[in-house]
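Asker: The structure follows.
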Amino acid sequence: MASLPRHGLRFHTHGALSLTHPSPSFPFPPPPQSHSSMLRKLPLRRFLRRRYPSEFSPNSTPIPFPRFPFLLSHSPFRFRAPFHACKVLAMAAQSSDGGSHSHKYTNLLAVEHSPYLLQHAHNPVNWYPWGDEAFEEARKRNVPIFLSIGYSTCHWCHVMEVESFENEEVAKLLNDWFISIKVDREERPDVDKVYMTYVQALYSGGGWPLSVFLSPDLKPLMGGTYFPPDDKYGRPGFKTVLRKVKDAWDNKRDVLVKSGTYAIEQLSEALSASASSNKLPEELPQNALRLCAEQLSQSYDPNFGGFGSAPKFPRPVEVQLMLYYTKKLEESGKSGEAEESLNMVIFSLQCMSRGGIHDHVGGGFHRYSVDERWHVPHFEKMLYDQGQIANVYLDAFSITKDVSYSYVSRDVLDYLRRDMIGPDGEIYSAEDADSAESEGATRKKEGAFYVWTSKEVDETLGEHADFFKEHYYIKPSGNCDLSRLSDPHGEFKGKNVLIEMKSVSEIASKHGLPVEKYLEILGECRQKLFRVREHRPKPHLDDKVIVSWNGLTISSFARASKILRNEKEGTRFNFPVVGSDAKEYFKVAEKAALFIRTKLYNEQTRRLQHSFRNGPSKAPGFLDDYAFLIGGLLDLYEYGGGLNWLIWAIELQATLDELFLDREGGGYYNTAGEDPSILLRVKEDHDGAEPSGNSVSAINLVRLSSLVSGSKSDYYRQNAEHLLAVFEKRLKDTAVAVPLMCCAADMFSVPSRKHVVLVGHKNWEQFETMLAAAHASYDPNRTVIHIDTTDKMEMQFWEENNRNVGAMAKNNFAADKVVGLVCQNFTCKAPVSDPESLEAMLAQKPS
């Protein structure tokens, strides 16, 4: 839970935003959220404008009450006086500590597994989890449902809990007039998608907590985000909202229900796009790739890196697009443009790693920076960020061979190994932004675990304090003064968020130290601060295991295990990087995949469950779970894992097609459509903080088609093309919203992927070095296959799925060495058996 937000718009974990704080001069931009541009054009909005023109003026905020209560603004508060959260935060700290004391209230959430639901288990509100029991009770009592959606590390979710859901007066209104349902958006993204989409469609924005009123048959009646408990500044408070909804339900029920039904019908029609053709226009992939790169370049910040202005998010799909585009420019002989494109990415990655968004003491990255300099972050740490960020720094290292990028990848992965992995290899979801400033403190504050006073640094580091403070811009008055956006309300007065302002060589030279010695001392200083920090109250850990996020992270650990073997021998690392053998990362990837296979996968039905905490969740696996895990498994195989991982990826793709594929219209729905309580099936395309399931699936299909042959390969390519054709207009018009899909479209259009086939005994060290050579250079259009011809099961698989590869392996097997072949355009180069030759062959530029 955070203290007062440092800017007028609170950007939530997954990229949506809501207005939550006094900032009348701060503009309200359209939300960086999936489907926002599409939804603003929906017939639903035109219908509402025509039917209720005075209530839906384009130049005014929709009036929520009293006449047309379903037109409830998603953020109906523009405070004109400061809102001080200290008292709220103190209460929240007391309420969320858990403890062993008895509770005055206990509701049905007490038996749930979700950390977020458990946080609300002792509210006086009679919360229900999402399910038939709640729906039946609403129908029985003939009352509307109040649906509250959030997640365990959401600041304003905590604030609304303390202000309203722990308030007995509010609870009585909810209990008497409504059935109240609480949902963890990370546990049930399908539920969140339906009602967030509804709020976005009407009001062009959304955020968490999401507060929506439903009919007993789950149709949305009206919606919003955070509400303060009482009326303020001419806006209704939550108690007023509840009374108005009750009055509307009693007196205007037909209007409410009809509007909700119409809204769902219109959204369903708009969000289940189909392709007019199953073919992709020939010129579209290259045009979309170029357009996206151009649009990103126009938003590039040449002063502080990144694409776009503050607040700055580390959106890794943008980096992936720019690196991919750079590679394509190089291959087409446009070296000048390629260098310009690469420099944008490299500078951005440097600024991110030097900034306060990077946890210099403990490793890993925070959610986003509130200022343009990547300095003062929202301190939450999310798993999906870590996995993707590690991967783009691995790519930067592969391109530049600069170990400063491999260092950052190790930094992220070592943070995960130390703090975010469970006893059976499962990888946890998130760490909160907030914690108590000291043991026993009743108030939690954002960043308390991570910030430092100058005095604390002096006392901890002694003789090295001065140049450590110079290196990280630490000052007695505090250092959150680099931008007017960093700390506009003075929350961090006297506190310092570590940021590197000067080059290492400059300060080392000033102090008469060799660079290597200087870096060693800095590492020792960070380790001392880390030990002190470990005695502070820690932020809340959400130890839920989400399949999709684990899939993204399995990929980064698997890739690191081979890419990092190309670091120069003797490379030294300093804390928080451990500097372990790169093989250790592969073990982490395999263990995480094995956890999902044994705990969240049904071998008989071949289906996944979405998440795990004290047992599998009730929610089934969604599109993202299958797609992201398949991508991780393909990396696990290509970077040295057993054939079993590839076989499982193929099995999962078959299940994904069975559950989510629109065989007539093309593309994948986000849900299987088997749960009648989920009113919308959406074909998601937006690549935001997380890539879309459709973008990742398109890439998976291209990769799978290159691993098998014949009709199986054709099937994967046909599905990939049909999927991309669904989003043809998106790729043409707003490519910047779908950067990873742009990459997927170009990958599909490549006439022939490069194949590297390694043949030999896999338990030899030479096999590991040849695999590292195969992955030494950056090339997303490369497929790596490895075969041990003495393994009968393996040979049987290839003879059944790709006879050419099986025959190639048989013909090139050597008992005393590992042989590498590079093939493209139906031609193979002469086999090689040393890693240097293989690496050189793969590094050659196409003629």
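The values are calculated or read from the model by the stated rules, or taken from the named source; none is laboratory data. What you see is a predicted model; the values in this text were computed from it and never measured. Note that each Cβ is placed from the backbone with ideal geometry, even for glycine, and that neighbours are counted across all protein chains shown. Heads up: the accessible areas ignore ligands, DNA and RNA and are worked out on the full protein's heavy atoms, side chains in. Shrake-Rupley method; radii C 1.70, N 1.55, O 1.52, S 1.80 Å.
Asker: Checking THR460 against (1) open to solvent by less than 10 Å² (accessible area, probe 1.4 Å); (2) part of a helix (DSSP H, G or I), which single condition isn't satisfied?
Answerer: All conditions pass for THR460, except number (1).
Asker: If you don't mind, another one. List every residue pair whose Cβ atoms lie under 6 Å apart, where the two residues are 6 or more positions apart in sequence or sit on different chains, the first residue falls within segment 491-518 and is free of Cβ contacts under 8 Å to residues at least 40 places away in the same chain and open to solvent by 50 Å² or more (accessible area, probe 1.4 Å), and the second residue, located anywhere, is of a type in the set (Gly, Ala, Ser) and not in a loop (DSSP other than H, G, I, E, B).
Answerer: Qualifying pairs under 6 Å: VAL515/SER505; VAL515/ALA508.
Asker: Considering (1) free of Cβ contacts under 8 Å to residues at least 24 places away in the same chain; (2) over 30 Å from GLU728 (Cα atoms); (3) in contact with a helix residue (DSSP H, G or I) (Cβ under 9 Å, 6 or more places away or on another chain), say which one GLY640 fails and leave the rest.
Answerer: GLY640 satisfies every listed condition except (1).
Asker: Right, next: State the number of residues belonging to segment 166-185 that are open to solvent by less than 40 Å² (accessible area, probe 1.4 Å), under 35 Å from the mean Cα position of the chain (by Cα) and over 27 Å from VAL545 (Cβ atoms).
Answerer: Residues of segment 166-185 open to solvent by less than 40 Å² (accessible area, probe 1.4 Å): 170-171, 173-175, 178-185.
If we keep only those that are under 35 Å from the mean Cα position of the chain (by Cα) too, we end up with 170-171, 174, 178-185.
With over 27 Å from VAL545 (Cβ atoms) added as a condition, the list becomes 170-171, 174, 178-180.
Result for segment 166-185: 6.
Asker: For segment 745-783, which positions are under 27 Å from the mean Cα position of the chain (by Cα) and either among the basic types (Lys, Arg) or closer than 27 Å to ASP581 by Cα (or both)?
Answerer: HIS775, ALA776, SER777, TYR778, ASP779, PRO780, ARG782, THR783
Asker: Working carefully through the options LEU289, LEU267, find the one that is more than 26 Å from ALA201 (Cβ to Cβ), open to solvent by less than 40 Å² (accessible area, probe 1.4 Å) and touching a helix residue (DSSP H, G or I) at 6+ places or on another chain (Cβ under 9 Å). Steps first, please.
Answerer: On the way: LEU267 fails: more than 26 Å from ALA201 (Cβ to Cβ).
The conditions single out LEU289.
Asker: Could I ask something else about it? Scanning for something touching a residue at least 60 places away in the same chain (Cβ under 8 Å) and either out of contact with any Phe, Trp or Tyr (no Cβ under 9 Å at 6 or more places or on another chain) or surrounded by 24 or more Cβ atoms within 10 Å (Cβ to Cβ) (or both), does segment 334-351 turn up at least one residue?
Answerer: In the first step, residues of segment 334-351 are kept if they are touching a residue at least 60 places away in the same chain (Cβ under 8 Å); the result is none.
The answer is no, given that none of the residues of segment 334-351 is touching a residue at least 60 places away in the same chain (Cβ under 8 Å) and either out of contact with any Phe, Trp or Tyr (no Cβ under 9 Å at 6 or more places or on another chain) or surrounded by 24 or more Cβ atoms within 10 Å (Cβ to Cβ) (or both).
Asker: Any residue in segment 254-262 that is open to solvent by 70 Å² or more (accessible area, probe 1.4 Å), at pLDDT 95 or above and acidic (Asp, Glu)? Steps first, please.
Answerer: Looking only at segment 254-262, we keep the residues that are open to solvent by 70 Å² or more (accessible area, probe 1.4 Å), and these are 254, 258.
Checking which are at pLDDT 95 or above leaves us with none.
No, segment 254-262 contains no residue that is open to solvent by 70 Å² or more (accessible area, probe 1.4 Å), at pLDDT 95 or above and acidic (Asp, Glu).
Asker: Of the residues that make up segment 575-586, is at least one more than 17 Å from VAL412 (Cβ to Cβ) and in the same structural domain as ASN694 (by the TED database)?
Answerer: Filtering segment 575-586 for residues more than 17 Å from VAL412 (Cβ to Cβ) gives 581, 583.
Filter once more, keeping what is in the same structural domain as ASN694 (by the TED database): 581, 583.
Checking segment 575-586: at least one residue is more than 17 Å from VAL412 (Cβ to Cβ) and in the same structural domain as ASN694 (by the TED database).
Asker: If I filter segment 404-440 down to residues being of a type outside the set (Gly, Ala, Ser) and more than 28 Å from VAL547 (Cα to Cα), which single residue comes out as least open to solvent (accessible area, probe 1.4 Å)?
Answerer: Just the residues of segment 404-440 that are of a type outside the set (Gly, Ala, Ser), to begin with: 405, 407-408, 410-421, 423-424, 426-428, 431-432, 434, 437, 439.
Adding the requirement that they be more than 28 Å from VAL547 (Cα to Cα) leaves 437, 439.
Numbers: GLU437: 92, GLU439: 138 Å².
Ranking the candidates gives GLU437 first.
Asker: So if I check each of ARG443, ARG526, which one is open to solvent by 40 Å² or more (accessible area, probe 1.4 Å) and under 23 Å from HIS366 (Cβ atoms)?
Answerer: Values: ARG526 fails: open to solvent by 40 Å² or more (accessible area, probe 1.4 Å).
On inspection, the qualifying residue turns out to be ARG443.
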